[in-house]
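Asker: One structure coming up, written as structure tokens, with questions to follow.
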Amino acid sequence: MAEEQVTPATETAALVSAGPISQWLTSQGFGHDSLDRDHQGVEVLKVEREFLLPVATALYAYGFNYLRCQGGIDLGPGEDLVSFYYLTKLADNAEQPEEVALKVQVPRHDPRLPTLYWLWKTADWQERETYDLYGIVYEGHPDLKRILMPEDWVGWPMRKDYITPDFYELQDAY
Amino acid sequence: MTLIETRTEPMVINMGPHHPSMHGVLRLIVTLDGENVIDCEPVLGYLHRSMEKIAENRTVVQYLPYVTRWDYLATMFTEAITVNAPEKLADVAVPRRARYIRVIMLELSRIASHLLWLGPFLADVGAQTPFFYIFREREMVYDLFEAATGMRMMHNYFRVGGVAADLPYGWVDKCEDFCTYFLPKVDEYEKLITNNPIFRKRVQGVGTLSREDAINWGMSGPMLRASGVNWDLRRVDHYEVYDDFDWAVQWHTDGDCFARYLVRIGEMRESCKIIQQALKGLPGGPYENLEAKRMGGGPKSEWNTFDYQFTGKKSAPNFKIPKGEHYVRVEAPKGELGIYVLGDDSPFPWRWKIRPPGFINLQVLPQLVRGMKVADIMAILGSIDVIMGEVDR
Amino acid sequence: MCQDGRRKFLAKPTVFVLNGYDYLLVFLLLCSVVPIAAFTLSALLRPRRTGAERRTTYESGMEPQGEAWVQFNIRYYMFALVFVVFDVETVFLYPWAVAFSQLGVLAFIEALIFIAILVIALVYAWRKGALEWS
Amino acid sequence: MALHLQYFLLLAAGLFCIGIYGLVTSRNVVRVLMSVELLLNAVNLNFLAFSNYLDPQEIKGQIFTIFVITVAAAEAAVGLAIVLAIYRNRDTVDMERFSLLKW
Amino acid sequence: MFKFLNQVAAYTQDAVQAAKYIGQGLTVTFDHMRRRPVTIQYPYEKLIPTERFRGRIHFEYDKCIACEVCVRVCPINLPVVDWEYNKELKKKELKHYSIDFGVCIFCGNCVEYCPTNCLSMTEEYELSAYDRHELNYDSTALGRLPKNVVEDPMVQPMRGLAYLPKGVMDPHEVDYTERRAGLRPEEILAQEQAQKPVSTPQ
Amino acid sequence: METGLDLQRTFVQALEGFGLMPGVAQTLWMPLPMVIILVGATLWALVATWLERKVSAAAQQRIGPEYAGPLGVLIPVADVVKLLIKETIRPAKADPWLFSLGPVVVVLPVLLAYLIVPFGQHLVVTDLAVGVFLWVSISSVAPIGLLMAGYGSNNKYSLLGGLRAAAQSISYEVPLALAVLAIAMMSNSLSTVDIVNQQAGYGILGWNVWRQPVGFLIFWIAALAECERLPFDLPEAEEELVAGYQTEYSGVGFMLFYAGSYLNLVLSCLLVAVLYLGGWEAPIPVEVFVTGLGLSVTDPLVEVITAAIGITMTLLKAYLLLFTAILLRWTVPRVRIDQLLDLGWKFLLPVALVNLLVTAALKLSFPQVFGG
Amino acid sequence: MTLANGVQTVAFAILTVMMLGGALGVVLLNNIVYSAFLLGMVFISLSGFYILLNADFVAAAQVLIYVGAVNVLILFAIMLVNKRERFAPVPRAGLRNLVAALVCFGLVALLGVMVMTTAWPISTELPTPGSIYRIGQHFFSDFLLPFELASILLLVALIGAVVLARRDLIPEPEVPNLEPLSLPERPKEDLGSLTAGRP
């Protein structure tokens, strides 16, 4: 299913023609892989977590001042977790501004990656939410704790191998 | 200047979840020094229903009734984004008439949402009366919704490939009536509110967010535009048929609560203008005319072609979301409402990430209220325009 | 003067010359009957239920955090301070105002000086930020 | 029963002595200040009693009382400000610990 | 001194301006006092639900083929379709059908996708009950005809904005039987034909 | 001036006519006007709450109370009954004494101040020499009650609300007192009856509002602030403090606060009417008609009619002001605490001082116009 | 006994009880807040006495200043230093208090005897109503200097009090309490132990 979709993409990364942003990054010497463009033609870059911070900083310097959306993906039970970032160049009277998506795969047993809070403040709650739902730990985040789920919740609800506890199902309906 | 020393014990006070002005079930843990706010921590999740998890277990048809519960005041937008995501991923063509109907509905919904922002915002700074005035107009919008969709709030009207039903007959006329009725009412609100010295004093210079901060904090919608960014997704993304109409992006450079107020008031006017234009340009005209033309034109009439349908092709109950991923967004009244959808060629999406504008906009609240007065918390929170349904999802 | 030898030290009883103040006392008593009556009536009529939950302090539906009896901000005190001064001032000015028509220009000038000095106090408090909140 | 000067004087004496007691025994500075207010009020009562019984025409006692009230208000303002200042430095309102000037 | 006077003048001007704008606001609220209240006094006046209104679901037992599409499109698979396979007829035979309106959100998906139109939405919205289990409607209850607001002599029926005549914004102003805005397609056609008697539909 | 209806004299004389001792007759008379004024005040406050509902409803295109009595006039009665039979909950952590005494201390000064409201030459409970000054001074007791309630509830909202209420109350007392001072200066007396008499004779032209327009505005603003009406209702700002110092109160405690606030509002309106709008004087002096009709002012019937007109006029003026206050409440937003105090200290206080001095100067220059 | 006389006697009795009870409460009660509120009661009862002594203006001023201003000031001050403070016990505190009480009692007795034995030169003139005019005239004739000095006293008091009560904010390098606010009612999760992606 999804593992078919993304994992092979890393192997065939060379086959995907690198977009302008990828080329620029390469020219600046930032290691990354290009994945398939997404359905709207936005470049998707795969970054190792060690290089997330430099690549993100480079993109910030490049002009991507707006972190649109940050979230997590679970590639399936036992598979890696992904943290994705959609970046945009926000400007006045923009016409089709440049966009780019970053994806960072982290192993399920060690889901750690650096926070982007210090680049884009908006990552604050979005990363907290991803942490809350997927258990991806963003190192360096100022206040990483559960945000939507109760503080004492056990488990990461959005992971595909999460087993829904049966205690709340239709609590008082009958 | 020297200040009076204020090293007194801070008072930690809970505002919410059961508080008259918390816009739902938000909880703020506010640390006060007298009347001054030292710190504020929002606590969310009281309305969390795990909408993303639900989405992973529902077909689009099944999921559509849920989405109006995100932002239950701008319901059309949640439906629009929910059908846009699979629709664009599957490259489903949408008839032109359906797009026009969508725009009309979206803009009506924007008016309704802004109205129900205006009332509580004014109530937050202490004026109760506008709350009743806005309900008068909002009820009319909802009457129109009810006639077209069958429900006042939870419409379930948008479909993959169009909308659920054509506009009922007489609807276009009444919608025009509403627009002509509504614009003077906005002037009346402005007369009542805009220049009121107390209101001005309460909101001007309060909760100021600079352009850089607004972008960095990921603000969107009126929050962003009030901070001096001319950024409206209707213009940026050219989605639906907004390019057909003559309208202006509302933006201000002050970045305070008053600028947000002006932006939203302006947007109501613009929305009204868009609706008027869309009603005029509706392909095929109002339902009754179109139907008459169809009846007159016979089965092979040009009025039966694709662009004059209200829906391209009725989606199957088990409509499959094709393999692929993308991030779609619409300009909701509160800001950028986005969906990241990852399909794997099954009726259920593999990942359905919602980017609610309220959630992102709310996180700047502690930043804005620090150092302000207790009363400013309400003004600022009101000006952010959060709906806990979409913040907690 | 001292008619009664036994109680000669109680020379002369008071002569109460102010009229209308007996009304004040009686009215005060009558007024205090109102809340007492309200409380009594309500005590007879109202239901009585017990329970720990209903007797908790309201704090937006959460358990109250910490004491409400905390030290408070000094700004309120500053206003009270300025108020004391101006309250005393009004007390001085009332006799002046009432007797003004018999006092003449000199009194006006004297009161002007009086007020001017207190305006200095106001200006001082203003400048020193005693009337500020931030 | 009619009211006599002596009643008021006795009352004032009582109030004064209660004030003295509070002044001597209180450990809380604010209570000490309140006791001082009691003393001043006892004096005021005396003034007014004398004014009414001994000088009913010129009522200079009333004038004195107003001045005493003024002084008392000023005293309260400054006294409490001093209390606050000391409290800020010593973090206590205990009289026994305000022994800075003792030696 | 002059500067001070200027300040005072500006201050006064501000105060006058403030008073003016507050007065302006007062005129707005004062003006509303002569307008007709927009409230609809609910139990005595009621809005007639629109044609598309999604009220309580009506179910026709005989039409149902127990296909369970309604269950599949329902967000929470709510309808309970109890059927048995009749081997002689080689058909599914419906035994029982029920919807719990305490849980139903009236999204209308079941009605929209029902292949035989045995489900329909009625205009009935007053579903209150003393016990939530009373809201679990079985096939009989689902088959009852809905109550109509217009038929109730205690109620003054009114129509929502969309069904009022053109130009009328207040339902209090017109009788509910008055024609709504817009012509019917046949009428438009008739009008057109009246204008152009020669042209015939192709 | 011994004109006008003097019920007390008539009553006492009548009783003495029955052979009662003067003292006893006086004693019998004493509680009568008091009870009447108390009942009247309560009634006016109830009418004020009803008006509040109706006017706000009208301003918001609603209907408001409709079914409780004709036009819903019985709704205040229903309120009172409801609040009386409601359970009174005292929080476990609250201080029982302060919590219970708070509302009483708030409501007592307000009730007491009705003592000095005149409705006619002799239609006043008692005409005290210190009149308005008494009102100013006893209304300064209210902050104590507010602090009691706020502190006694042991609730953070209550404490904040109580402190705000006290701060607000004291801040607006000085401008209020100074505005009254200017009036007292013009009428050379603090007695409310004297103040009205001083405005009499010229009909609407003689009213103090023309001579004291600034004072009128100051007094009105300060009175609204003292009553905690909407532009200044910070102590119970529901958006911030839920209900301020009233948060923990239910049943009768709440009722006392609620009644107290409306009693205070009615009282303020009555006092504005008395101090600035000529009290019981009609816009055109009644004497003009009386003499025009060839009747004597001392004619008993004329006296009764004059008294009735006087009472009506006073109430009419007061309710006109009340209406303004209500409409204002439903029009404007609430000010912030710092703006409130700024307005009080940095605007009203200097303006009131200047107004006082200008009044004094004018009085020196034009003694005729400004009360000799 | 006339009516007015009766009212006065009753009033005197009530006020005496109020005043002495309140004053004793002020000095004896443990809770300083109660003391402050009782102080207000003492002030009000004193103003009642003033009315009995034909001083209506002073009575109103008493309420206005003492209750409305000074008492509020005291209450604010109490709330400012409102810390539950347990005073360190002082040796022989009971004895001290007893001695003080005895001395005070002696003082009362002494004063009482003095009051009762002195032949007061009581005036036979009747007090005139309208004391406020008289006070006004005094203020601007023989008491003019004190009148003006009073304003200076008030000015000085205000300046002194403002200077004392405020302290100029010295820009200390003190870091404002940076530890994040926490939710006390729920246990916090340990971030370190979450690495293993447990279901």
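Asker: If you go through region F:250-273, how many residues are of a type outside the set (A, V, I, L, M, F, W, C), open to solvent by less than 20 Å² (accessible area, probe 1.4 Å) and at pLDDT below 90?
Answerer: Here is the first cut: in region F:250-273, the residues of a type outside the set (A, V, I, L, M, F, W, C) are F:250-251, F:253, F:258, F:260-262, F:264, F:268.
Narrowing the set further to residues that are open to solvent by less than 20 Å² (accessible area, probe 1.4 Å) leaves F:251, F:253, F:260, F:262, F:268.
Now drop any that are not at pLDDT below 90, which leaves F:251, F:253, F:260.
Residues flagged as of a type outside the set (A, V, I, L, M, F, W, C), open to solvent by less than 20 Å² (accessible area, probe 1.4 Å) and at pLDDT below 90 within region F:250-273 amount to 3.
Asker: Might you check whether a residue that is under 24 Å from residue B:216 (Cβ atoms) and either open to solvent by 30 Å² or more (accessible area, probe 1.4 Å) or part of a loop (DSSP other than H, G, I, E, B) (or both) occurs anywhere in region A:66-76?
Answerer: Step one: filter region A:66-76 for residues under 24 Å from residue B:216 (Cβ atoms), giving A:66-72.
Filter once more, so that each one left must be either open to solvent by 30 Å² or more (accessible area, probe 1.4 Å) or part of a loop (DSSP other than H, G, I, E, B) (or both): none.
The answer is no, given that none of the residues of region A:66-76 is under 24 Å from residue B:216 (Cβ atoms) and either open to solvent by 30 Å² or more (accessible area, probe 1.4 Å) or part of a loop (DSSP other than H, G, I, E, B) (or both).
Asker: Show the residue pairs that are 6+ apart or on different chains and have beta-carbon atoms under 7 Å apart, the first residue being within region D:76-89 and assigned to a helix (DSSP H, G or I), the second being acidic (Asp, Glu).
Answerer: From region D:76-89, the pairs are D:76/D:37.
Asker: Could you look through region B:112-129, keep only residues that are under 17 Å from the mean Cα position of the chain (by Cα) and hydrophobic (A, V, I, L, M, F, W, C), and pick out the one that is surrounded by the fewest Cβ atoms within 10 Å (Cβ to Cβ)? I'd like the intermediate steps shown before the answer.
Answerer: Pass one, region B:112-129, residues under 17 Å from the mean Cα position of the chain (by Cα): B:112-121.
From what's left, hydrophobic (A, V, I, L, M, F, W, C): B:112, B:115-118, B:121.
Values: B:112: 28, B:115: 28, B:116: 21, B:117: 27, B:118: 25, B:121: 29.
Result: B:116.
Asker: Search region B:111-130 for residues that are hydroxyl-bearing (Ser, Thr, Tyr) and pair each with any residue that is open to solvent by 10 Å² or more (accessible area, probe 1.4 Å) when their beta-carbon atoms are under 7 Å apart and the residues are at least 6 apart or on different chains.
Answerer: Partner pairs satisfying both residue conditions: B:113/B:73; B:129/F:330.
Asker: From the residues in region B:233-256 that are within 14 Å of another protein chain (Cβ to nearest Cβ) and assigned to a helix (DSSP H, G or I), which one is surrounded by the fewest Cβ atoms within 10 Å (Cβ to Cβ)?
Answerer: The qualifying residue surrounded by the fewest Cβ atoms within 10 Å (Cβ to Cβ) is B:243.
Asker: For region C:63-85, state whether one or more residues are modelled with pLDDT of 75 or more, away from chain B (no Cβ under 14 Å) and part of a loop (DSSP other than H, G, I, E, B).
Answerer: No, that holds for no residue.
Asker: Please verify whether region F:302-313 includes one or more residues that are loosely packed, with under 15 Cβ neighbours inside 10 Å and over 25 Å from residue F:272 (Cβ atoms).
Answerer: Within region F:302-313 (the criterion being loosely packed, with under 15 Cβ neighbours inside 10 Å and over 25 Å from residue F:272 (Cβ atoms)), the answer is yes, since at least one residue qualifies.
Asker: What's the number of the only condition in (1) open to solvent by less than 10 Å² (accessible area, probe 1.4 Å); (2) over 19 Å from residue G:37 (Cα atoms); (3) facing chain G (nearest Cβ under 7 Å) that residue D:41 fails to meet?
Answerer: Residue D:41 satisfies all of (1) open to solvent by less than 10 Å² (accessible area, probe 1.4 Å); (2) over 19 Å from residue G:37 (Cα atoms); (3) facing chain G (nearest Cβ under 7 Å) except (2).
Asker: Being open to solvent by less than 20 Å² (accessible area, probe 1.4 Å) and farther than 23 Å from residue F:123 by Cβ is the filter here; which residues of region F:29-59 pass it?
Answerer: Across region F:29-59, the qualifying residues are F:49, F:52, F:55, F:56, F:57, F:59.
Asker: Return the total of residues in region G:151-161 being surrounded by fewer than 24 Cβ atoms within 10 Å (Cβ to Cβ) and either farther than 12 Å from residue C:120 by Cα or in contact with a Lys or Arg (Cβ under 9 Å, 6 or more places away or on another chain) (or both).
Answerer: 3
Asker: Looking at region B:27-42 only, could you name the residues that are more than 10 Å from chain C (Cβ to nearest Cβ) and among the aliphatic types (A, V, I, L, M)?
Answerer: B:30, B:37, B:38
Asker: If you go through region E:153-161 one residue at a time, do you hit one that is in contact (Cβ under 8 Å) with a residue 24 or more places away in the chain, buried (at least 20 other Cβ atoms within 10 Å of the Cβ), in contact with a strand residue (DSSP E or B) (Cβ under 9 Å, 6 or more places away or on another chain) and over 21 Å from residue B:149 (Cβ atoms)?
Answerer: No, every residue in region E:153-161 fails to be in contact (Cβ under 8 Å) with a residue 24 or more places away in the chain, buried (at least 20 other Cβ atoms within 10 Å of the Cβ), in contact with a strand residue (DSSP E or B) (Cβ under 9 Å, 6 or more places away or on another chain) and over 21 Å from residue B:149 (Cβ atoms).
Asker: Quick one: would you say residue B:187 is among the charged types (D, E, K, R), farther than 28 Å from residue E:108 by Cβ and in a helix (DSSP H, G or I)? So that I can check it myself, show each step before the final result.
Answerer: Working: among the charged types (D, E, K, R): yes; farther than 28 Å from residue E:108 by Cβ: yes; in a helix (DSSP H, G or I): yes.
The answer is yes for residue B:187.
Asker: Return the residue satisfying two criteria in turn: it lies in region B:148-168 and is within 19 Å of residue B:74 (Cβ to Cβ) and in contact with a Pro (Cβ under 7 Å, 6 or more places away or on another chain), and of such residues it is surrounded by the fewest Cβ atoms within 10 Å (Cβ to Cβ).
Answerer: Pass one, region B:148-168, residues within 19 Å of residue B:74 (Cβ to Cβ): B:148-159, B:163-164.
Now restrict to residues that are in contact with a Pro (Cβ under 7 Å, 6 or more places away or on another chain): B:148, B:154, B:156.
Working: B:148: 26, B:154: 23, B:156: 25.
The selected residue is B:154.
Asker: From B:331, B:325, B:390, B:336, grab the single residue that is assigned to a helix (DSSP H, G or I), surrounded by 18 or more Cβ atoms within 10 Å (Cβ to Cβ), within 14 Å of chain A (Cβ to nearest Cβ) and of a type outside the set (Lys, Arg). Talk me through it step by step, then tell me what you get.
Answerer: Details: B:331 fails: assigned to a helix (DSSP H, G or I); B:325 fails: assigned to a helix (DSSP H, G or I); B:336 fails: assigned to a helix (DSSP H, G or I).
Going through B:331, B:325, B:390, B:336 in turn, the sole match is B:390.
Asker: What single numbered condition from (1) free of Cβ contacts under 8 Å to residues at least 12 places away in the same chain; (2) facing chain B (nearest Cβ under 8 Å) fails to hold for residue E:41?
Answerer: The failed condition is (2).
Asker: Name, by its number, the condition in (1) surrounded by 22 or more Cβ atoms within 10 Å (Cβ to Cβ); (2) away from chain B (no Cβ under 14 Å) that does not hold for residue F:336.
Answerer: All conditions pass for residue F:336, except number (2).
Every residue, every condition in (1) within 14 Å of chain A (Cβ to nearest Cβ); (2) open to solvent by less than 10 Å² (accessible area, probe 1.4 Å); (3) not hydroxyl-bearing (Ser, Thr, Tyr), yes or no:
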| site | (1), (2), (3) |
| --- | --- |
| B:131 | no, no, yes |
| B:146 | no, no, yes |
| B:175 | no, yes, yes |
| B:189 | no, yes, no |
| B:202 | no, yes, yes |
| B:209 | yes, yes, yes |
| B:220 | yes, yes, no |
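Asker: Take the residues in region G:106-146 that are more than 7 Å from every other protein chain (Cβ to nearest Cβ) and of a type in the set (A, V, I, L, M, F, W, C), then tell me which one is farthest from the chain's Cα centre (by Cα).
Answerer: Out of the qualifying residues, it is G:119.
Listed here are the residues, each with its yes/no results for (1) in contact (Cβ under 8 Å) with a residue 60 or more places away in the chain; (2) outside any helix (DSSP H, G or I); (3) within 9 Å of chain G (Cβ to nearest Cβ); (4) not hydroxyl-bearing (Ser, Thr, Tyr).
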| residue | (1), (2), (3), (4) |
| --- | --- |
| F:91 | yes, yes, no, yes |
| F:97 | no, no, yes, yes |
| F:138 | no, no, yes, yes |
| F:145 | no, no, no, yes |
| F:175 | yes, no, no, yes |
| F:178 | yes, no, no, yes |
| F:184 | no, no, no, yes |
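Asker: Another one. Open to solvent by 70 Å² or more (accessible area, probe 1.4 Å), closer than 28 Å to residue B:137 by Cα and more than 14 Å from chain B (Cβ to nearest Cβ): is that true of residue E:177 in this structure?
Answerer: Answer is yes for this residue.
Asker: Can you spot a residue in region G:17-35 that is open to solvent by 20 Å² or more (accessible area, probe 1.4 Å), within 29 Å of residue F:147 (Cα to Cα), of a type in the set (S, T, N, Q) and at pLDDT 85 or above? Spell out how you get there, then give the answer.
Answerer: Pass one, region G:17-35, residues open to solvent by 20 Å² or more (accessible area, probe 1.4 Å): G:17-18, G:20-21, G:24, G:28-32, G:34.
Next, from what is left, pick out any that are within 29 Å of residue F:147 (Cα to Cα): G:17-18, G:20-21, G:24, G:28-32, G:34.
Pick out the ones that are also of a type in the set (S, T, N, Q) and you get G:30-31.
Still in the list and also at pLDDT 85 or above: none.
Within region G:17-35, not a single residue is open to solvent by 20 Å² or more (accessible area, probe 1.4 Å), within 29 Å of residue F:147 (Cα to Cα), of a type in the set (S, T, N, Q) and at pLDDT 85 or above.
Asker: Condition (residue is surrounded by fewer than 19 Cβ atoms within 10 Å (Cβ to Cβ), facing chain A (nearest Cβ under 10 Å) and more than 15 Å from the chain's Cα centre (by Cα)) applied to region B:304-321: is it met by at least one residue?
Answerer: No: zero hits.
Asker: Let me ask something else. Could you say whether any residue in region G:45-58 is within 14 Å of chain F (Cβ to nearest Cβ) and farther than 28 Å from residue C:28 by Cα?
Answerer: First pass over region G:45-58, keeping only residues within 14 Å of chain F (Cβ to nearest Cβ): G:45-48, G:50-51, G:54-58.
Filter again for farther than 28 Å from residue C:28 by Cα, leaving none.
Taking every residue of region G:45-58 in turn, none turns out to be within 14 Å of chain F (Cβ to nearest Cβ) and farther than 28 Å from residue C:28 by Cα.
Asker: Let me ask something additional. Scan region F:252-288 for residues that are part of a helix (DSSP H, G or I), of a type in the set (Val, Ile, Thr) and over 13 Å from the mean Cα position of the chain (by Cα) and jot them down.
Answerer: Of region F:252-288, the ones part of a helix (DSSP H, G or I) are F:252-276, F:286-288.
With the extra rule that they be of a type in the set (Val, Ile, Thr), the set shrinks to F:252, F:266, F:272, F:274, F:286, F:288.
Residues satisfying the conditions are F:252, F:286, F:288.
Asker: Hey, can you tell me all the residues within region E:112-134 that are outside any loop (DSSP other than H, G, I, E, B), open to solvent by 30 Å² or more (accessible area, probe 1.4 Å) and aliphatic (A, V, I, L, M)?
Answerer: Restricting attention to region E:112-134, the residues satisfying the condition of being outside any loop (DSSP other than H, G, I, E, B) are E:112-113, E:119-121, E:132-134.
Subsequent filtering for residues that are open to solvent by 30 Å² or more (accessible area, probe 1.4 Å) retains E:112, E:120-121, E:132-134.
Correct list: E:121 only.
The values are calculated or read from the model by the stated rules, or taken from the named source; none is laboratory data. Since the model is a prediction, treat every value here as computed from it, not as a measurement. Note that we place each Cβ from the backbone using ideal geometry, even for glycine, and neighbour counts take in every protein chain shown. Surface areas here come from the heavy atoms of the whole protein model, side chains and all, with no ligands, DNA or RNA. Shrake-Rupley method; radii C 1.70, N 1.55, O 1.52, S 1.80 Å.
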